[in-house]
1. Could you tell me how many degrees, from 0 to 90 and to the nearest 10, lie between the Cα long axis of helix A:258-271 and the main elongation axis, the longest principal axis, of the Cα atoms of chain A?
2. Kyte-Doolittle mean at least 1.0 and Cα extent at least 27 Å along the axis: which DSSP H helices of chain B qualify?
3. With label points built 7 Å along Cα→Cβ from the Cα atoms of B:L40 and A:R228, find their separation and express it in nm.
4. Kirkwood Rh over alpha-carbon pairs of the range B:130-198, then Stokes-Einstein at 37 °C and 0.692 mPa s: what D in µm² s⁻¹, rounded to an integer?
5. Given H placed 1.01 Å from N in the peptide plane, which residues other than close sequence neighbours of A:L193 have an amide H under 5 Å from its amide H?
6. Using only Cα atoms, find the angle between the long axis of helix A:140-152 and the longest principal axis of chain A, and express it within 0 to 90 degrees, rounded to the nearest 10.
7. Starting from the Cα of A:K72, draw a straight line to each of the aspartates and glutamates and keep only those under 12 Å, dropping any in the same chain fewer than 8 residues away.
8. What is the order of B:I128, B:I187, B:I18, A:I218, fewest Cβ neighbours within 10 Å to most?
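Readers should treat all values here as calculations from the given coordinates under stated rules, not as data from a laboratory. Predicted model, so just to flag it, every value in this text is computed and none were measured. Cβ coordinates were reconstructed from backbone atoms using ideal geometry, including for glycine residues, and neighbour counts include every protein chain displayed.
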Amino acid sequence: MAGQGHLQIDSVSKAFRVNGAPLNVLDSVDLSVAPGEFLTIVGASGCGKSTLLRLIAGLDTEFAGNVVLDGKRVIEPSLDRGLVFQEPRLFPWLTVAQNVALGLLNAGLSKAQKSRSVAEHIALVGLTGFQDAYPHLLSGGMAQRAAIARGLVNRPGVLLLDEPFGSLDALTRARLQDELQRIWAAEGITMLLVTHDVEEAVYLGDRVVVMAPGPGRIAATFDVPQPRPRDRANPALARLQDRVMAALVSTTSEQSPAPHAASRPALAARAFLPEQGFRPI
Amino acid sequence: MRVAKISARAWLPIPPAIIAPLFPIVLLALWSVSARFGWLPPQILPSPGEVWAALLDMAHSGDLAGNAGISLLRVVEGFAAGSVLGLLLGVAMGLSPKTEDYVKPLFTAFAQVPTLGWIPFLMLLVGIGEPLKVLVIAKAAFVPVTLNTLAGIRAVPPMYREVGALFRFSRWQLLRKVVLPAAVPPIFTGLRYGLTHAWNALVAVELLASAEGLGYLLVWGRQMFWLDTMMAAMLIIGIVGFTLDRIMAAVEARLQRWRLA
């Protein structure tokens with residue numbers, strides 16, 4: 001069921017219409033992600049990194065260029081591409097296990113297979129014992145673990161993560177970063193994580209992509225050769241962080257004053273995203 | 001400091017089950033006192049004892065059960081028809097803006113004509129038999145149920161729908177698993193409004209065109225100047241309406257039991 005997880009992004013461009021005028025959010029983005037690679041994308045607000053993730057997820061199909069996963073063009077969402085949002089987006093009327101199981105609604109598994117898979121993935125994210133809890137009883141970190149379990153329950157070839165730890169406290173974030181690495185190693189799948197946190201991007205990624213805003217494009221790519229498990233205090237990682245940070249800073253300072261004018265409407269456009277992303281049922 | 005603390009605490013421990021009957025008891029006492037001292041003529045305000053006697057009398061003769069049963073049946077039939085239609089139309093418009101474009105203007109015009117305004121026309125159309133009552137009650141329930149269902153479905157966060165899209169939910173799965181559960185509170189608000197409107201419409205239509213039912217008892221009591229009978233009918237209408245509303249609240253709480261967990 002799980003594909004290879006080889007993701008190919010070919011000159012992808014995307015524009016929103018803001019007050020009738022087109023606003024370029026992504027400008028010919030090219031990216032190739034190897035099977036099993038952990039790729040992190042870091043960028044300032046409004047650089048289109050979340051939009052790129054939504055295009056890969058198939059939630060937004062109006063764009064130029066191609067997104068290809070294992071030789072198949074992305075034209076709609078697929079169970080082979082999991083997505084974890086910044087907010088857990090659990091349904092409050094369902095328990096943790098029911099929320100995770102919802103991901104399997106169209107997986108074509110038997111009831112027994114489903115409940116086994118749900119239990120396995122709840123165990124994978126360390127939530128065993130909380131499967132019957134309702135989301136409002138969970139802490140932010142636990143809710144995000146449940147969301148990760150839901151994103152993984154179909155055993156997708158690629159897991160996309162859109163600033164998944166952005167709203168967590170520092171300690172919980174560090175713990176979940178380590179958990180995510182462990183899960184990535186255990187599942188052997190491709191992961192694409194979008195973040196605005198340079199430290200997170202360097203600590204987690206095999207490769208770090210820096211995106212620039214106005215319009216969103218790839219500014220630089222860094223390899224992270226450090227073997228895992230990694231030590232957060234490793235000076236080589238710290239040096240790389242500095243380089244990534246420098247590249248990130250230069251993306252917002254090189255064009256002035258235009259970038260501010262351009263990045264604000266981009267933010268406004270992002271606010272409309274949920275409306276545009278799905279077809280009205 | 002200490003005093004403030006104690007007085008603040010004195011408010012808290014009274015359970016609602018004790019607070020709720022306070023006003024009714026005070027009203028009843030006021031009513032008794034008023035009747036005893038003849039503040040209002042007994043032809044206008046009979047004493048609680050007389051009303052109670054009338055109630056018992058009607059209960060013994062079977063008038064009470066007969067008339068209440070007829071009214072209840074009308075409300076149940078009309079409310080069921082009106083709320084099912086309202087749910088269907090509300091869901092249809094909520095899910096499809098196109099349907100809303102087609103139907104909403106006519107619906108709004110239809111809803112703006114008060115329920116009572118429909119009675120003369122409906123009388124000409126279906127006569128003054130049972131269909132008239134059920135139609136009038138159905139109309140009264142239909143409007144608030146439709147509007148609240150529509151608003152509730154529109155208010156379902158797009159974020160939730162997106163999760164459904166991600167897992168390739170069909171329209172039906174999205175409705176069943178995401179949209180309806182998320183819209184339970186507003187839908188029940190509509191149903192409870194609908195039920196209240198249904199009762200109002202029942203009494204109105206029975207006042208105008210019926211020879212049985214609780215509304216009819218009201219008219220009859222007034223015409224014969226049997227005010228004890230009239231007030232007994234009012235009491236029963238209030239109690240039955242209150243009970244139905246409680247039942248709706250219990251069903252809603254059952255559907256939302258995750259809130260308690």
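1. Compared with the principal axis, the helix lies near 30 degrees.
2. Working: long enough: B:63-95 (47 Å, 1.39); B:130-154 (36 Å, 1.07); B:184-208 (35 Å, 0.88); B:227-255 (42 Å, 1.36).
TM-like helix candidates: B:63-95, B:130-154, B:227-255.
3. 8.0 nm
4. Numbers: Rh = 13.1 Å.
It diffuses with D of about 250 µm²/s by this estimate.
5. Under 5 Å from the amide H of A:L193: A:L39, A:T40, A:I41, A:L161.
6. Once rounded, one gets 80 degrees.
7. List returned: A:D80.
8. On the way: B:I128 15, B:I187 25, B:I18 9, A:I218 20.
Result, fewest neighbours first: B:I18, B:I128, A:I218, B:I187.
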